[in-house]
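Asks: If you scroll down you'll find the structure; I have some questions about it.
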Amino acid sequence: MLNDLVTGKKAELTLDGKTYSLPIMEGSEGERAIDIRTLRSETGYVTIDSGYMNTGSCASNITFLDGEKGILNYRGYAIEDLAEKCSFVEVAFLLVHGSLPTGLELKKFSDLLGGFALIHEDLIHFFDHFPPYSPPMSILSSMVNTLCNFYPEMTDNPGEDIDMMSARLISKVRTIAAFSYKKSMGQPLVYPRHDYPYCANFLNMMFDSPVNPYVVNDEVVAALNKLLILHADHEQNCSTSTVRLVGSARVNLYASISAGISALWGPLHGGANQAVIEMLEEIYENGGDYKQYIDKAKDRNDPFRLVGFGHRVYKSHDPRALIIKKACESVLRSLGISADPLLDIAREIEEVVLQDPYFVERNLYPNVDFYSGIIYRAIGIPSNMFTVMFAMGRLPGWIAHWKEMWDDPNWRIGRPRQIYTGPQRRPFVSLSERD
Ligand code: SDX
């Protein structure tokens with residue numbers, strides 16, 4: 001794959017009086033890279049790029065994003081079209097397979113998801129042994145890794161049909177998420193139904209109860225499909241890179257995804273959606289004075305960041321945030337919520353921030369996490385499950401990247417280099433001489 005991208009153009013690098021020619025690569029959307037795969041063997045030098053801000057780890061056919069123009073495409077399709085016209089299951093199929101499903105393919109994939117919706121009854125007992133108030137992301141990461149023990153066929157034959165592997169995981173993670181919520185509420189588990197599609201089934205498992213039957217709201221189902229689609233992939237973000245790095249050691253899909261869930265948990269990454277709502281609730285409870293939070297965020301001596309703003313790649317609007325912000329209004333309306341004070345505060349913060357030189361100079365815009373919690377909260381999902389929702393959405397992307405790496409003939413185990421800055425070689429000092 002990488003070798004096909006070499007353009008014939010060269011970058012010249014002069015080191016210690018010698019000039020080296022490094023090949024230039026170009027992707028299908030015009031992204032260019034300097035190929036440094038032979039740099040160390042030719043020059044003895046490595047490159048350093050903390051946070052990998054300028055370093056590409058792979059070539060990928062899955063997602064393209066342009067941070068300057070606010071473009072996001074999955075397998076060439078614009079996120080705006082997919083969010084408006086598809087179901088999450090269609091987009092999951094697209095990410096994993098590379099093409100939108102035909103009617104027959106979609107039915108087959110949906111049937112697989114339905115067939116895999118149950119988890120082993122012994123696995124359900126695991127919920128009884130997590131301490132109360134265990135963070136849902138910790139439960140999810142543990143349970144996904146444990147799936148390897150209950151379904152060894154998923155690990156013994158990693159090259160297994162990707163439909164089976166992806167459907168099994170996408171379906172069981174939905175059940176694990178809903179069951180962990182019911183357990184945390186002390187309510188009886190609600191099992192998946194064979195006659196409900198993916199998102200309606202999840203909502204029913206979350207909110208149905210013997211004394212208060214849940215009535216599926218089509219607007220809420222549509223909003224959940226949209227949110228999961230918008231979170232489904234985002235090229236080489238922290239958690240996806242984690243899945244690829246762990247998987248590069250030839251680790252099975254479920255253990256690799258479990259590692260990705262842990263990376264997503266971070267407040268700088270997927271954990272931000274929960275932190276945003278907690279910040280908005282705190283501002284609301286303190287009388288709505290959000291200006292002090294903006295001032296804190298601008299104070300170089302204060303580590304506080306205005307969660308939900310800024311992005312490593314988007315230096316203009318995050319297209320997902322624009323779509324979610326618009327969806328807030330229709331979901332709230334469909335739920336009969338005439339006004340949401342947190343949404344009002346969020347809108348005011350955005351308006352002030354987008355005119356504040358500190359944020360403008362640094363190209364800090366609302367990201368995918370700034371408005372998503374407004375919708376999750378309106379649906380009734382507790383804030384400590386918001387990042388679990390992000391993980392449910394991101395699953396197809398993680399699976400697609402793991403599979404792309406697994407099938408890459410040029411696959412190498414990921415193993416970055418470093419620059420050592422510790423003590424130089426020194427004589428050993430025995431214990432008796434150290435006192
Ligand atoms: C996600 O990578 C992906 O694609 C991630 C994601 C996905 O779909 O997978 O899009 C999902 O993780 C979205 C991001 C969610 N996180 C947050 O909302 C947390 C708040 N945002 C930040 O902490 C920050 O913006 C990051 C982590 C998102 C990006 O960090 P970078 O790229 O390392 O940027 P940086 O820390 O170098 O910041 C550059 C400047 C700094 O100021 P100076 O040193 O130049 O003076 O911008 C400032 C930062 O202090 N800055 C902020 C800020 N974000 C950056 N200042 C205040 N508030 C913020 N939110």
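The values are calculated or read from the model by the stated rules, or taken from the named source; none is laboratory data. Worth saying up front: this structure is predicted, and the values here are computed from it rather than measured. Don't worry about glycine lacking a Cβ; one is built from the backbone with ideal geometry, like all the others, and counts go over all protein chains shown. All accessible areas refer to the heavy atoms of the entire protein, side chains included, with ligands and DNA or RNA removed. Shrake-Rupley method; radii C 1.70, N 1.55, O 1.52, S 1.80 Å.
Asks: From the set of residues in segment 7-25 that are farther than 17 Å from Arg40 by Cβ and surrounded by 14 or more Cβ atoms within 10 Å (Cβ to Cβ), which is nearest to the chain's Cα centre (by Cα)?
Replies: The residue in question is Met25.
Asks: If Ser338 passes every condition in (1) surrounded by fewer than 15 Cβ atoms within 10 Å (Cβ to Cβ); (2) part of a helix (DSSP H, G or I) but one, which one does it miss?
Replies: Every condition holds for Ser338 apart from (2).
Asks: For segment 266-301, which positions are more than 14 Å from the ligand (Cβ to nearest atom), within 23 Å of Pro382 (Cα to Cα) and in contact with a helix residue (DSSP H, G or I) (Cβ under 9 Å, 6 or more places away or on another chain)?
Replies: Once the filter is applied, which keeps residues that are more than 14 Å from the ligand (Cβ to nearest atom), within 23 Å of Pro382 (Cα to Cα) and in contact with a helix residue (DSSP H, G or I) (Cβ under 9 Å, 6 or more places away or on another chain), segment 266-301 yields Glu281, Glu282, Ile283, Tyr284, Asn286, Gly288.
Asks: Of all residues in segment 304-343, which are more than 14 Å from the ligand (Cβ to nearest atom) and within 17 Å of the chain's Cα centre (by Cα)? Reasoning before the result, please.
Replies: Of all residues in segment 304-343, those more than 14 Å from the ligand (Cβ to nearest atom) come to 325-343.
Once the filter is applied, which keeps residues that are more than 14 Å from the ligand (Cβ to nearest atom) and within 17 Å of the chain's Cα centre (by Cα), segment 304-343 yields nothing.
Asks: I'd like to verify a number: residues in segment 30-55 that are open to solvent by 70 Å² or more (accessible area, probe 1.4 Å), in contact (Cβ under 8 Å) with a residue 40 or more places away in the chain and in a loop (DSSP other than H, G, I, E, B), how many?
Replies: Selection size over segment 30-55: 2.
Asks: Specify the residue that is most open to solvent (accessible area, probe 1.4 Å); the eligible residues are those in segment 176-198 that are of a type in the set (Ser, Thr, Tyr) and part of a helix (DSSP H, G or I).
Replies: We begin by selecting, within segment 176-198, every residue of a type in the set (Ser, Thr, Tyr); these are 180-181, 184, 191, 196, 198.
With the extra rule that they be part of a helix (DSSP H, G or I), the set shrinks to 180-181, 184, 198.
Numbers: Ser180: 17, Tyr181: 26, Ser184: 84, Tyr198: 16 Å².
In this case the residue turns out to be Ser184.
Asks: Which of the residues belonging to segment 304-335 are more than 21 Å from Arg394 (Cβ to Cβ), among the basic types (Lys, Arg) and either touching a residue at least 60 places away in the same chain (Cβ under 8 Å) or outside any loop (DSSP other than H, G, I, E, B) (or both)?
Replies: Lys315, Lys326, Arg333
Asks: Let me ask you something else. Please enumerate the residues belonging to segment 216-238 that are within 16 Å of the ligand (Cβ to nearest atom) and not hydrophobic (A, V, I, L, M, F, W, C).
Replies: In the first step, residues of segment 216-238 are kept if they are within 16 Å of the ligand (Cβ to nearest atom); the result is 226-238.
Correct list: Lys226, His231, Asp233, His234, Glu235, Gln236, Asn237.
Asks: At least 1 residues that are within 22 Å of the chain's Cα centre (by Cα) and buried (at least 23 other Cβ atoms within 10 Å of the Cβ) in each: list the helices (runs of 4 or more DSSP H) lying fully within segment 199-303 that qualify.
Replies: On the way: elements: 218-230, 238-247, 253-264, 272-285, 291-298.
It comes to 218-230, 238-247, 253-264, 272-285.
Asks: Report, by residue number, each residue of segment 182-198 that is closer than 21 Å to Glu90 by Cβ and more than 24 Å from the chain's Cα centre (by Cα). Quick ask: steps written out before the conclusion?
Replies: Of segment 182-198, the ones closer than 21 Å to Glu90 by Cβ are 192-198.
Result: Pro192, Arg193, His194, Asp195, Tyr196.
Asks: Restricting attention to segment 354-361, does a residue exist that is of a type in the set (D, E, K, R), over 30 Å from Leu245 (Cβ atoms) and within 11 Å of the ligand (Cβ to nearest atom)?
Replies: Initially, segment 354-361 is screened for residues of a type in the set (D, E, K, R), giving 356, 361.
The next check asks that each one be over 30 Å from Leu245 (Cβ atoms); those that pass are 356, 361.
Narrowing the set further to residues that are within 11 Å of the ligand (Cβ to nearest atom) leaves 356, 361.
Yes, that holds for at least one residue.
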